[in-house]
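Notes to accompany the following structure.
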Amino acid sequence: MIGGRVRATVRALRGAIAFLTRFPVGSRSRNAGGATFAASNDWEAFCSSPWTFTIVGWIVGALAALVFLASNRLPAASIAFGYPLAVFGLAGIHHLDGVADLGDALVVHGDVDRRRAVMTDTTTGVGALLSVSLVVAGLALGALALAGAPVAVAVGVAVAAEVGAKTGMAAMACFGTAAHEGFGSQLTEGVTRVAFYGPAALAIPAAVLTWPHPAAAAAFAGALAGTALPWQWARRRLGGVSGDVFGAANEVGRLLGVHLGVIAWTLW
């Protein structure tokens, strides 16, 4: 029994890492949701294990935050360029596709069906270009501000923002309702609300990384709030969440988390 649980845990983590990062996890195959996984059952294990979102948040957040260790040696502009490069190098850019699709849906005129059609259209519109540009530029500007903070604060904020964003995705999986069949429904239908206790417990330490300074707590709370913005918009305008909403929530959550962490450090 213990061996079976260990194997299930490994499969869940491998599936989460395969989808949420660019880390090599063995031979990959494409699943029905369009993502690649190390084995066919990794996807199912990941969908039923929302705690894996938070674990990946810790991993990606810690590795990307290593850039700030060079704040005392490199120009702030180099840190501002290096942090987004590290984030997208580790996590990939497929979540930005969700930002682009929601950006187009935000500016389109029409009903729910029209918005959904725009999100599946392969044409890149002005809304997509603007939203992606704002997210990437905003992340770089947040890193520019963090480059002037103490290294411990900068690292704490970056990690807390990443953990908060991934935990927000876990909350969406546990509490959200899918707009239609697809990636979103595979995540939301595989878990119950009780399953959120796991990622919540794993995420709480991120809020005290800069204790007694509240910067990490602000970053963590900001990231959770940031993930809620696309989620609640999609609930009202699309009838529920989808894979694009999950991706956009991750990017907006990280962005808002970093900036609220910077604001807390500046004002405290």
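Values in this text are rule-based calculations from the coordinates and carry no lab data. Quick caveat: nothing in here was measured; it's all calculated off a predicted structure. Virtual Cβ from ideal backbone geometry, glycine too; neighbours counted across all protein chains shown.
Points worth noting:
- In nm, spacing of pseudo-spin labels at ARG22 and THR177 (7 Å Cα→C-beta vector): 3.8
- Sequence-distant residues sharing a close amide H with VAL241 (under 5 Å, placed H): THR177, ALA178, ALA179
- Our estimate of slack between ARG235 and ASN41, defined as 0.36 nm per intervening residue step minus the Cα-Cα distance, is 66.9 nm.
- Couplings 3J(HN,Hα) of segment 77-84, computed from phi: 5, 5, 5, 4, 7, x, 5, x Hz, in residue order, whole Hz [Karplus 6.51 cos²θ - 1.76 cosθ + 1.60, θ = phi - 60°; x for Gly and Pro].
- Per-residue extension of 0.36 nm, minus the Cα-Cα distance of ALA77 and THR266, leaves a gain of 66.2 nm for this segment.
- Sum of -39500 (n - 2.57) over DSSP H runs of 4+, divided by residues of the chain (222 nm, nearest 500): -23000 deg cm²/dmol
- Modelled spin-label separation between TRP211 and VAL10, with each label point placed 7 Å from Cα along the Cα-to-Cβ direction: 3.4 nm.
- Percent RCO, i.e. relative contact order, over the chain, from Cα pairs under 8 Å lying at least 6 residues apart: 23
- ³J(HN,Hα), Karplus 6.51/-1.76/1.60, whole Hz, each residue of segment 212-220, x for Gly, Pro: x, 6, x, 4, 5, 4, 5, 5, 5
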